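Single-structure report; data block below.
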């Protein structure tokens, strides 16, 4: 880092999130999905008239199934995305070797679209023309929208999604482990789940620098409305079946 850069950094430069940035989708989706889906499931079966033991069994089964589904889904989706990218890069290497003129013209168009002046575009394109690897990296970023530091590990995405789904499901599962009446268990689960959702919204807002209270309430209201709907639907189905 240059002396000027160091001085600017010390003067209040706000750093980026860093190496965890690409996993924020998994973090927020995992814990949020666990909180919301399990709360809705519990609200639905309480409304359906199940007793506490039945609700606990349903909640545990739902939490385990949801965590496995989330983990497997994220692993397969991330791995498939990587495989598609690798196939595209193999083809791109062939294009650079056999159709170099067309690839250089694509670079000219993309740099022009980015706002570079025509004289500067030719200078930049000439520089990339001297290195196949640099040209491949440029096409990877500009044509495919991929930066290596932003790529996600399938195993990390799987672990984060599955474990955070389980964590998010706990507020809706744990109250029924103490044999409480369904309505009491649901009241406690509601308070814990909605508090968790509010905190997730606040945490997300803190990272992106937006309004924390607004983000927390937005997350809370969506789940709260869903919980009320789930209870009424469960109640209607319970009356019709039992």
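The values are calculated or read from the model by the stated rules, or taken from the named source; none is laboratory data. This structure is a prediction, so every number in the text was calculated from the model and none was measured. Quick reminder, even Gly has a Cβ in these numbers, built from the backbone with ideal geometry, and neighbours come from all protein chains shown.
Looking across the stretch 96-110, the residues that are within 21 Å of residue 147 (Cβ to Cβ) and in contact (Cβ under 8 Å) with a residue 24 or more places away in the chain come down to 96, 103, 106, 107, 110. Residues satisfying the criterion are absent from the stretch 67-79 (criterion: without any contact (Cβ under 8 Å) to a residue 24 or more places away in the chain, surrounded by 15 or more Cβ atoms within 10 Å (Cβ to Cβ), touching a helix residue (DSSP H, G or I) at 6+ places or on another chain (Cβ under 6 Å) and in a helix (DSSP H, G or I)). Report whether or not residue 101 is assigned to a helix (DSSP H, G or I), at pLDDT 90 or above and in contact with a helix residue (DSSP H, G or I) (Cβ under 6 Å, 6 or more places away or on another chain). When the stated conditions are applied, residue 101 does not pass them.
Based on what the data block shows, is residue 237 surrounded by fewer than 16 Cβ atoms within 10 Å (Cβ to Cβ), under 24 Å from the mean Cα position of the chain (by Cα) and at pLDDT 70 or above?
In short, no.
Residue 175 satisfies every condition listed in (1) under 30 Å from the mean Cα position of the chain (by Cα); (2) modelled with pLDDT under 90; (3) more than 15 Å from residue 30 (Cβ to Cβ) except (2). Could you tell me whether residue 92 is over 26 Å from residue 36 (Cα atoms), touching a helix residue (DSSP H, G or I) at 6+ places or on another chain (Cβ under 9 Å) and modelled with pLDDT under 90? No; evaluated as a whole, the condition is false for this residue.
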